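Read the structure below first, then the notes.
Just so it is clear, none of the values below were taken in a lab; they were calculated from the coordinates. It should be emphasised that the depicted structure is a prediction, and the values quoted were computed from it without experimental measurement. Cβ: placed from backbone, ideal geometry, glycine included. Neighbour counts: every protein chain shown.
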Amino acid sequence: MRNIRGLALVAATAMVFCVGCEPPKRSWTPVTPEQLIGEWATATSVMGKTVDFAHGKGGERYRTSGWTGPDPGMPFTWTEGESAKLVLPIAADPGPLKLKMMLGGMVNPPDLPAQDVQVFVNGVKAADLQVSAPAEFEVDVPAESTGSAQLQIEFRVPRAASPLSLGHSSDSRVLGIYLFKIAVLKRA
């Protein structure tokens, strides 16, 4: 304990005598999370490709928030909470696009027959979906939402629920929809 107090006194003394000193030169430049995502996302475009969200298939690198951890052996990934986001790298300013997705929902008929899902692309609402049994969905993305080299996709699921609350299992995670695959395609 005595050594710790001594070190604290030395550090405080050094700070007092260093008033007016220049701060140490940084060997790195701080960046925001958005800059990191932007630099990373422009590296490889997913245009015309299908991104697979099955365990171990690579889709996890595009998830930014609101997703469960990987479930070994599962062909999909769940949203967790009422919002989940992806960032997909695309060609810069590609014009009008279409998202083609395979989705399913956390349902409990008759009380919760489907999940109401709002899809936002780069902050602009692109679609309202009703998601229940696994199905393919297509969402048109207007050209004005595709001006950057990435698509920030948000799924808002206001009625997400835990399997525990629905009497399905002891799983207390708040789940909304599950995503199998997504593709970004040019719209004709």
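Using the basic label-point model (7 angstrom from Cα toward the beta carbon), what is the Asp71 to Asp140 distance in nanometres?
Label-label distance for Asp71 and Asp140, simple model: 3.4 nm.
Give me the net charge of Gly58's neighbourhood, meaning all other residues with Cβ under 12 Å from the Cβ of Gly58; Lys, Arg count +1, Asp, Glu -1.
Residues near Gly58 contribute +3 overall.
With a cut-off of 8 Å between alpha carbons and a minimum separation of six or more residues, what is the relative contact order of region 32-186 in percent?
Computed value for region 32-186: 32 percent relative contact order.
Using a cut-off of 26 Å between alpha-carbon atoms, which lysines can reach Lys85, once sequence neighbours fewer than 8 places away in the same chain are excluded?
Those lysines meeting the cut-off are Lys49, Lys57, Lys98, Lys100, Lys125, Lys181, Lys186.
Quick check: from the Cα gyration tensor, does region 32-186 come out rounded (a/c under 1.5), prolate or oblate?
Here region 32-186 falls in the prolate category.
Choose one of Ser132, Gln150, Ser170: the residue whose Cα lies farthest towards the positive end of the charge dipole of region 32-186 (beta-carbon charges +1 Lys, Arg; -1 Asp, Glu; about the Cα centre).
Gln150
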